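The values are calculated or read from the model by the stated rules, or taken from the named source; none is laboratory data. All values reported here derive from a predicted model rather than from experimental measurement. Heads up, the Cβs are rebuilt from the backbone with ideal geometry, glycines too, and the neighbour counts pull from every protein chain shown. Heads up: the accessible areas ignore ligands, DNA and RNA and are worked out on the full protein's heavy atoms, side chains in. Shrake-Rupley method; radii C 1.70, N 1.55, O 1.52, S 1.80 Å.
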Amino acid sequence: MVHGSIMDEVSGQIPPDLVKKYGDAALFTAYGCVLLEKQNSKSYTYSARNLKTGRTAILCRRKNQITTSGVADMAEKIRCSPVSGKGVLEVDMPHGENLMRETLSNILLHIFEDILPRHGYALREKQKELAAHILEALGHRLVSLSEAEVGTGKTHAYLIAAALAKRGRINDFWLGSQYPRQSYAESAHRPVVISTSGIALQNAIVKDYIPEISRILMEHGIIRTPLSCVVRKGKEHYLCRKNLETYLADADTPTMALLAPLSRESASIDLGAAEGLTPYIRRRIGVSGRCDRNCPHYNNCPYLRHMKLAQSGACDFQVCNHNYFLADVLHRAKGQRPLIPHYQAVIIDEAHKFPDAARQMYGVELSSFAVPEITGDILDFTFQPGTDVKGIQDLSLALYGRYKRLFMGFAESIAQAEAEDEAERFAVTLDGQTAAHFRTIRHLCGELLLALERKPVLDKYIGRCSQILWELERIQERASIFECHGGLVYWLEKPGAPANADNVDELLLCAIPKRLDKLLYRDLWSKGIPAVLTSGTLSAVGDFSHIRRVTGLQLLPPSRLVETSKPSPFHHYENKLIYISEKVPFPNYKDKQYIAALADESERLIRASHGHAALLFTSYRVMDMVFGLLSGRNMSFPLFRLDRGGAGAIERFRKSGNGVLFASGALWEGIDLPGDILSLLIIAKLPFPVPDPISKYERTLYADMTEYKNAVIVPEMLMKLKQGDGRLIRTETDTGVVGLLDSRLWEDGAYRDRVLAALPLCQITSDIAAVERFIAAKKPPTYFSGGR
């Protein structure tokens, strides 16, 4: 018999009635159970019996009798057993799964109705309903589309539901017969994956939401130990000590000063926290290739320590972005080692961006910069004596020449298309000539790989040489895919401003599989893992058909897919006014009268709202033209323009008090501007998707243009419009005006009814004077003097 306090949950003093009943077979009590020992001819059998229900479960059979050192392990087996009376949630579950289900639901209600309000959180009925829906979906191993508009509090809802699911081991109780049953211990220790799109949300979840929820749940006895989490990123986001030393060996003084903080032993290995690093430097000093024991830092590598913790599965939550999560899905589909430990559920937040992430991860791309960078580095290498340096350099230059001819042809093919429109994706033709280029590129990559595989360079170049080998393998693989492109939709992109020494724009040749929906179903949804896809915009007026189609969820059996849509709890009808212009003609950026009318109407609205405004465009070209006109009109409000990558303009706008922000792209979603700083949001044009090679292929899947427009074009427009509209009212006290300047929303407009049905119910006007009266009634006196 075990005596003494071994751990808080274990009682070493066996009650007299148990001693009388079980004798020496009763060793100790833990989690509402007594541990019983039975000796057989060659082994010992240990079982747990629930003291209230009498239910018994065999825990293990051992050759040797347990000692004091084995108590903690045996107590953990009791905790994870199906008869555990007080598991991590510290609640009695004497009648199995029905009571477990009821208990968890009651605990969830208790958290939202009683506990959170004690800590300053308002009770939100829709948030509570959302959390209950998610808990049910996770427990029944379903896939849920959970739309939660701004203000619902979806992050708290899914984190608390997932914490109960994780710590309550609900999957052990609610498994359907069609899925393999996990062991109790296995399920209890599997994490929940949280996949997001933005870094800001990941940081908030890890640094704010989870620690705060953990503190509250522990304070009220819901959990015994803190909730834990780890952020997962691709290895290129982490510092490699060896690559850093190699790069510093040839770095100039300013670069050495820039990288000096990373050389400290206490420095974070997360390159996301480092400032001033160019993409090129990040690639050179980040982890690349495979870590091996020949590395001098192998036994004391902070990156390997981080990965050991992350891969252990010891954390409750694994937080990553969509691309990393999908990379893990692809690894599993290919039979490769998973990037994330086996998990029991996944929460996909910002799920409206998940299809784009899937296109990236299931697609392939080739950058026009990839081979030039490799060639430049190879020409700078110093090789070991006896190496055929000229042969290696000639191969590299031949690869560079062929690669350059390929992309010069692509650049010429899109020059006219770029001049005509601001497309993000440009059509390109892959024919016999390009196939020959890809074949030669694949062949040259293979020869160069053979020449460099023994790393015939001086030691200080070995790190970069290893990275080049990895990059050449990727280029070779992708060239072979583009060489045989029959099952692909392909296009060209220009991702940003000039970024190399020759001042040449980067081009990306991109492609995705034509039936991406089938691949997602095969690799992800068909596996039986419970999943929740959540966002403020997943449906078009409550219809989830579009998101189901693009993600492959429509291939799931109907019994495995559930949906819910929770409206915003904010008082939009009282706090928001929609202004629909009847003065701006049909959108056409080539029409000077349209641009002039757009500028005039915007000016009237800005003056009516006394600044505090943002103009949201679908085209940078139109934005520039309207900005140019309004800049010359001597308005008393500072004007800011949010160009591509110009996040600094947002901060200057915040500080201005009554400024006017011109934006496209980034401002449509993900940027939070609460309070009076943003009191007027002008949407210049309905955000219909721009035709591109992907939409051209999708069109072929439908019988006619009308069917395609109703199934794809209009739902995509409405979802993006809802994202843009959601920038205005961010808190319960926010007030403001949304100005819609698209003629298709006039009284007899083709899209008026569908747009107004998609947006929160609000007052509507076409009178500028009504805007002035609304602002005057809703804003404090400091607002009109530029106060913040």
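Using a 1.4 angstrom probe and counting only protein chains, how large is the accessible area of Cys60 in Å², to 10?
That residue has around 30 Å² of solvent-accessible surface.
Cross-link list Lys233/Lys308; Lys166/Lys353; Lys518/Lys566: which exceed 19 angstrom alpha carbon to alpha carbon?
Lys166/Lys353; Lys518/Lys566
Kirkwood Rh over Cα pairs of segment 508-650 into Stokes-Einstein at 25 °C, 0.890 mPa s: D in µm²/s?
In µm²/s, the coefficient is 123.
Tell me the label-point distance for the pair Thr382, Arg305, using the 7 Å Cα-to-Cβ offset, in nm and rounded to one decimal.
With each label point 7 Å from Cα toward Cβ, the separation is 3.4 nm.
I'd like to know how segment 649-764 sits against the 2.2 N^0.38 Å rule of thumb: what's its Cα Rg over that expected value?
The value comes to 1.22.
Quick one: which of 21-28, 144-151 comes out on top by average Cβ neighbours within 10 Å, and what's the full order, highest first?
Put in order of decreasing packing, that is 144-151, 21-28.
Rounded to the nearest 0.05, what FRET efficiency is calculated for Arg654 and Lys518 with R0 set to 56 Å and r the Cβ-Cβ distance?
Approximately 0.80, to the nearest 0.05.
To one decimal place, what orientation-averaged projected area in nm² is obtained for the convex hull of the Cα set of segment 219-260?
Averaged projected hull area, Cα only: 5.5 nm².
Rounded to the nearest 20 debye, what is the charge dipole size of the chain about its Cα centre when +1 sits on each Lys and Arg Cβ and -1 on each Asp and Glu Cβ?
Taking the Cα centre of the chain as origin, the dipole is about 2340 debye.
If packing is taken as the mean number of other Cβ atoms within 10 Å per residue, what is the order of 214-225, 429-440, highest first?
214-225, 429-440
Show me 39-45, 192-198, 361-367 ranked by packing, highest mean number of other Cβ atoms within 10 Å first.
Listed from highest to lowest mean packing, they are 192-198, 361-367, 39-45.
Kirkwood hydrodynamic radius, segment 454-495, all distinct C-alpha pairs: what's the number in Å?
Kirkwood hydrodynamic radius for segment 454-495: 12.7 Å.
Please give every one of the aspartates and glutamates within straight-line cross-link reach of Lys128, meaning a C-alpha to C-alpha distance under 17 Å, and leave out same-chain neighbours fewer than 8 residues apart.
Filter leaves Glu102, Glu113, Asp114, Glu136, Glu147, Glu149, Glu563.
Sorted by accessible area with a 1.4 angstrom probe, largest first, how do Glu747, Glu37, Glu716 fall?
Listed by decreasing accessible area, they come as Glu747, Glu716, Glu37.
How far is it, in nm, from the label point at Leu330 to the one at Leu248 when both lie 7 Å from their Cα along the line to the Cβ?
In this crude spin-label approximation the distance works out to 3.3 nm.
Length gain on complete extension for the stretch Ala666 to Met218, per 0.36 nm per residue less the alpha carbon to alpha carbon distance?
So the extension gain works out to 157.4 nm.
Along the Cα-to-Cβ line of Glu582, 7 Å from the Cα, sits a label point; which residues in segment 592-627 have backbone N less than 20 Å from it?
The answer is 594, 597-606, 608.
At 1.4 Å probe size, put Glu453, Glu506 in order of accessible surface, largest to smallest.
Final ranking, largest accessible area leading: Glu453, Glu506.
Can you tell me the convex hull volume per residue for segment 422-572, based on C-alpha atoms, in Å³ to the nearest whole number?
251 Å³
With all protein chains present, calculate the accessible area of Met719 using a 1.4 Å probe and round the result to the nearest 10 Å².
Accessible area, nearest 10 Å²: 20 Å².
Determine the order of His322, His297, His610 by accessible area, beginning with the largest, at a probe radius of 1.4 Å.
So, going from the largest accessible area down, we get His610, His297, His322.
Rounded to the nearest 10 Å², what accessible area does Asp725 have for a 1.4 Å probe in the complete protein model?
10 Å²
Once the piece of chain linking Ala435 and Glu732 is laid out straight, how much longer is it, given 0.36 nm per residue of separation minus the C-alpha distance between them?
101.1 nm
Rounded to the nearest 0.05, what FRET efficiency do Lys527 and Ala314 have when you use their Cβ-Cβ distance and R0 = 30 Å?
The pair Lys527/Ala314 has a calculated efficiency of 0.85.
Pulled fully out, how much extra length does the chain show between Glu477 and Gln593, if you take 0.36 nm times their separation in residues and subtract their Cα-Cα distance?
36.7 nm
Computed from these coordinates, which is mean projected area of the Cα convex hull in nm²: [x] 40.5; [y] 49.4; [z] 45.0?
[x]
If I take R0 = 60 Å and measure r between the Cβ atoms of Thr56 and Asp543 in this structure, what FRET efficiency does the formula 1/(1 + (r/R0)^6) give, to the nearest 0.05?
After rounding, the FRET efficiency stands at 0.75.
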